[in-house]
Amino acid sequence: MGDWGRNYRAPRNGDRGGDQRNKANWPQRARAGVTSGGYAASRPSQNQPAECGYGPMHWFVWTLYIDEIEPDLPAVQARIVEMTKCTDEEATEEAVIAWGERDEKIKVTRSDDPHIKAEFRLKEAPPFFFKFANFNDDDCYPPVMWEKFATWVEKRVQTMSPEERAFTSGRYGCARALQFLHLEFFEGYSLGQLCHIVNLAVQKKILGYLARKKWLVPYRDSDNAEKDDAAKKTLPSRTGVGDELACEGAPVATWEELREGLKGLGNLVLVAQIKRSYARKFSKLLSETTFGHTSLLNLLRDERLVDVCECRQRKFDWQHVMVLVGSDVNEEELIPVDRNPG
């Protein structure tokens, strides 16, 4: 592990960094209400404890409590990298878990869930803490907030260039940027809640993804919008194909070619690899929008393919796989997926 866990730099007010001279000042910064990114906590500062703990690991977990982001292993790893000079290669799973287990104020529980792997909990929750944001929850936000958010996004479309109005990062980075903008309709929401709002905004077609640049953008600028339009017209979309054939005008697979082609890819194939494998093996473009779907997973669950393939999730990493009907596979390692895309 080296000494990366002991030589972190506390965040300066207004930035993400610092130096070793700041190390002794992190309790004072906690008292001042400064959290992981150098911004003031969304909870009132007088409700924060006078000290946030005795060790830096406790500090990282404490900031996640402030943000109402559940401190599972990936979240803690990301927060450590965000706040320190530590790299992803240094903040390994075992190193972070071992560091947490040495902190007397933290309880670390290992998990069989491949997305979580371990949970970090403060043995004594801060007095300001209510609950972690749940990204699986339904929309619990007022309609007026959504109206104002949608209006704000549309105004950006009208007044900014595509590059200026994009959020050049994923869900977390977009939520962080929205928090820094201090928008009145998001007042009082934690960073965790804003991550949930960004998730829902994609579902509501306020925001969308631009895969080639890994951006979150206004819906009308997104791959989602292009694919929705193509699916309505049952036209091919070359968005997110993931193969050079998309740029070469390769012919698009028909229903019969799709059915026969899927049978030739193997008994069990990762859904994420199907388009590339299909293009390379058959020199054809597999475009789900041609068949009226906006995602490959939904296409594979189409009733018209019921005699060809089924979808499953692997238990050890939760990735979706396509399984050919009648294949001899280890069903104990797979979880069924509902065929109805709705």
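The values are calculated or read from the model by the stated rules, or taken from the named source; none is laboratory data. Note that the structure is predicted; figures quoted are calculated from it, not measured. All Cβ positions, even for glycine, are placed from backbone atoms using ideal geometry, and neighbour counts span all protein chains on display. Heavy atoms of the whole protein, side chains included, go into the accessibility calculation; ligands, DNA and RNA do not. Shrake-Rupley method; radii C 1.70, N 1.55, O 1.52, S 1.80 Å.
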Query - Lone unmet requirement of (1) within 25 Å of the chain's Cα centre (by Cα); (2) assigned to a helix (DSSP H, G or I) for TRP318 - result: (2)
Query raised in the report: What are the residues in segment 302-311 that are open to solvent by 30 Å² or more (accessible area, probe 1.4 Å) and in a loop (DSSP other than H, G, I, E, B), if any?
Result: VAL306, ASP307
Report summary line: Scanning segment 211-240 residue by residue, the ones that are part of a helix (DSSP H, G or I), surrounded by 19 or more Cβ atoms within 10 Å (Cβ to Cβ) and either among the basic types (Lys, Arg) or over 20 Å from the mean Cα position of the chain (by Cα) (or both) total 4
Query raised in the report: Would it be correct to say that ILE106 is open to solvent by less than 60 Å² (accessible area, probe 1.4 Å) and either within 27 Å of LEU183 (Cα to Cα) or under 20 Å from the mean Cα position of the chain (by Cα) (or both)?
Result: no
Requested in this report: Please go through segment 78-91 and pick out each residue that is assigned to a helix (DSSP H, G or I) and among the small types (Gly, Ala, Ser).
Outcome: ALA78
Report task. Could you tell me which numbered condition GLY326 fails, if it satisfies all but one of (1) in contact (Cβ under 8 Å) with a residue 12 or more places away in the chain; (2) open to solvent by 20 Å² or more (accessible area, probe 1.4 Å)? Result -> (1)
Query raised in the report: (1) open to solvent by less than 70 Å² (accessible area, probe 1.4 Å); (2) over 30 Å from LEU200 (Cα atoms); (3) at pLDDT 90 or above; (4) outside any loop (DSSP other than H, G, I, E, B): which one isn't true of GLY266, the others all being true?
Result: (4)
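Sort through ARG314, ARG339 and tell me the only one that's surrounded by fewer than 19 Cβ atoms within 10 Å (Cβ to Cβ), modelled with pLDDT under 90 and in contact with a Cys (Cβ under 9 Å, 6 or more places away or on another chain).
One residue alone meets the criteria, ARG339.
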Requested in this report: Identify all residues within segment 176-210 that are among the acidic types (Asp, Glu) and not in a helix (DSSP H, G or I); write none if there are none.
Outcome: GLU187
Requested in this report: Select from segment 155-169 the residues that are part of a loop (DSSP other than H, G, I, E, B) and farther than 16 Å from LYS214 by Cβ and list them in ascending order.
Outcome: MET160, SER161
Query - Cβ-Cβ under 7 Å pairs, at least 6 apart or on other chains, segment 54-77 side in a loop (DSSP other than H, G, I, E, B), far side at pLDDT 95 or above and aromatic (Phe, Trp, Tyr) - result: PRO71/PHE120
Query raised in the report: If you take the residues in segment 167-201 that are over 12 Å from the mean Cα position of the chain (by Cα) and without any contact (Cβ under 8 Å) to a residue 40 or more places away in the chain, which one is surrounded by the most Cβ atoms within 10 Å (Cβ to Cβ)?
Result: LEU194
Query raised in the report: From LEU324, LEU305, LEU265, LEU258, which residue is touching a strand residue (DSSP E or B) at 6+ places or on another chain (Cβ under 7 Å), farther than 22 Å from ASN224 by Cα and among the aliphatic types (A, V, I, L, M)?
Result: LEU324
Query raised in the report: Here is a list of conditions, (1) in contact with a helix residue (DSSP H, G or I) (Cβ under 9 Å, 6 or more places away or on another chain); (2) within 29 Å of ASN330 (Cα to Cα), and THR290 meets all of them except one; can you say which number that is?
Result: (2)
